[in-house]
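The next block holds one structure in the form of C-alpha cells; read it before the comments.
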Amino acid sequence: MYRRDFLKSISVAAAAPALPAATSGKPNIVLIVGDDLGYGELSCQGAKDISTPNIDSIARGGVRFTNGYVSCPVCSPTRAGVMTGRYQQRFGHEFNPGPEEQAQGEFGLPLTETTIANRLKSLGYSTGMVGKWHLGYKPELHPMKRGFDEFFGFLGGAHQYLETSARRTAQIMRGTEVIVEKEYLTDAFAREAVAFIGRRKAAPFFLYLPFNAVHAPLEAVEKYLDRFASVTDLRRRTFLAMQSAMDDAVGRVLSKLRQEKLEENTLIFFISDNGGPTLSTSSANGPLRGYKGMVLEGGIRVPYMVQWKGRIPAGKISDQPVISLDIHPTAVAAAGGSIPASAKLDGVNLLPHLAGKAAGQPHEALFWRFGPQAAVRKGDWKVAMLAGAAPQLYNLAQDIGEAKDLASAQPEKLKELKTTYDAWNSQLAEPKWQTRREGKKADARKKKR
C-alpha cells in the first residue's frame, strides 16, 4: 500500500505542468545541513587535517558568516527552528526526544506550525527531502505530511552508515515504504539528492538535504579511510573519512546543478545543526569554548554559508550575527513569497544584508534556552547562564573563546542583557517533553527547592 501511494505521488507530480526554472523567475533552493559538525572542521573554517573543497566552494561562491548560529545546541530543536523560522521554544520543542522507544507521545513538530516546505510548495515549488528528519515518528508528522513531495531517509536522530535492514531500529524509508539500503549511507543520500534534481529540474524545486554525517556512530568505508592513512588515531581517521564523504556528496549535488545549468539560478545554504561533540567523535570547534549540548559558543556557533551566484557577492566574509531561523524567511523572499505578520517569525530575510543593501545588524539580539542553560547575544556582548553557575558576561569581538568573564567588571551590561533575555523568555511555552536525562535533572532541581 505504501509503495503504491508513493509511486502515485511521483506520477502525479511528474504529470503536473511546469515552467522551466530558468524562466520562472524563482530560484531553486537547496538547504544542506551537516550533523554535529564543529565550527572548526572545514578547511574554509581553519581545519588543518582535512580538505573540504566542495563545501568550501559554497563559501567562495557566496557569503560565509563567521557569526552564524543555530537556535539550539542539539539536533531536533534546531531542526524545528529551521523548518519554521521561529524559536522552537515558542511551541514547546525544547529538547531532543531520545530514541523512538523512549520518546514521549507529545514529541514532534506541532501540526500548528507551518514549515518552509509548506510555504515553498504553495509558491509552486517541487519539494524533496533526503536525509535525517528527527521531527516526529507518528504518521501525521512524516515529512510528506509536512510539505514534502518526496522523502528518502530516516525519521530518528541517528543511524548507522553501513548496510541497513528492515529492522525497526534501522529503517531507511522511500516515501512511507521501508527499504533495505546497501550503499554507504552518505553516498546513498548523495545519489538520491542528485536523482531528485534530475527529476524536478524543469520547475523550481526545494531540496532539503540534512546529512547524518558526521554524527556518531563512527563508520566509514575504505575508499574514504584510505585518504587519511597517515592519521594514526583510528577515531580521528574515521571521523575525517566520514566528513570527506559528506564533502564528496555535496560536490555531487553541486556538480549536478552545474551539469543541468541550474547553478546560477539556485540559492544554496550550508549549516551544521549544532557544534561538535568533541568528547564522542573528535569534532573540533576551533577557537570556541564548549561543545554540543552547551550554550557556550562551541555548542551554538556553526559553519554558515549562503550562495546565489549573480545575486549576492562571491567570496565575502561577514561578521554579522545571523541564525538558522533566518533561512526560512530568506528562502521564501527569494521565491517571491511573503509571510504574514501573524506568522510571528523570529528569523529575518537576509537577502538585503547578503547583497549589502541593508544597514545595521539583522538582529538586535539572539537568544537561547535549553533547560537550565540560557544565553543572549546583543551586539558583541553575550551573557551565558549555565546550570548551577552565576551568569557570565563576554565580549565576543575581543574574546571569541569566552575565556574572560566580565560580569563583575561590567555589572550594568550584565543587567541590560539579562533584562533583554527575561523579556524574551516570558513569551515562551513550557517544554512539551523532556529526554529521560533532562527529566531526571528537572526532578532533582525540584527536590532541592
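Read-outs: derived from the displayed coordinates by stated rules, not from any lab. Predicted, not measured: the structure shown is a model, and the values here were computed from it. Cβ sites come from the backbone with ideal geometry, for glycine too, and all protein chains shown count toward neighbours.
Across the range 277-423 the C-alpha pair distances fall into 10 Å bins from zero in the proportions 10, 35, 33, 19, 3 percent.
Averaged over residues, the count of other Cβ atoms within 10 Å places the peptides 334-340, 228-234, 128-134 in the sequence 128-134, 334-340, 228-234, highest first. Ranked by how many other Cβ atoms sit within 10 Å of their own Cβ, fewest first, the residues I271, I58, I317 fall in the order I317, I58, I271. Global dimensions of the range 370-427 from alpha-carbon coordinates: Rg and Dmax equal 10.8, 31 Å.
Packing-based ranking of 213-222, 26-35, 88-97 yields 26-35, 88-97, 213-222, ordered from highest to lowest mean Cβ neighbour count within 10 Å.
The phi-based Karplus calculation (6.51 cos²θ - 1.76 cosθ + 1.60; θ = phi - 60°) puts the 3J(HN,Hα) values of the range 289-303 at 8, x, 7, 3, x, 10, 8, 5, 4, x, x, 10, 8, 9, x Hz, whole numbers, x for Gly and Pro. Fewest-first ordering of C44, C72 by other beta carbons within 10 Å of each residue's beta carbon gives C44, C72. Where does the Debye-calculated log10 I(q)/I(0) of the range 161-279 sit at q = 0.18 Å⁻¹, using only Cα point scatterers of equal weight, no solvent? After summing over all Cα pairs, the log10 values are -1.06. Give me the distance between the Cα centres of the range 172-249 and the range 136-150, rounded to whole Å. Cα centroid of the range 172-249 versus Cα centroid of the range 136-150: 22 Å apart. When the C-alpha to C-alpha distance is required to be over 27 Å, the pairs from K145/K292; K344/K432; K48/K261 that qualify are K145/K292; K48/K261. Panel order for Y291, Y161, Y208, by other beta carbons found within 10 Å of each beta carbon, from fewest to most: Y161, Y291, Y208. Distance between the C-alpha centres of the range 62-82 and the range 387-433: 19 Å, rounded to the whole angstrom. In the range 334-378, the convex hull through the Cα atoms has an average projected area of 4.7 nm², a quarter of its surface area.
Peptides 413-420, 238-245 ordered by packing proxy, namely the average of other Cβ atoms within 10 Å per residue, highest first: 238-245, 413-420.
With θ taken as phi - 60° and the Karplus curve 6.51 cos²θ - 1.76 cosθ + 1.60 applied, the whole-hertz 3J(HN,Hα) list for the range 122-135 is 5, 9, x, 8, 7, 10, x, 10, 10, x, 8, 8, 6, 10 Hz, x standing for glycine and proline. Annotation: amide H of G38 within the under-5 Å range of G276, A284, sequence separation 5 or more or interchain, hydrogens built in the peptide plane.
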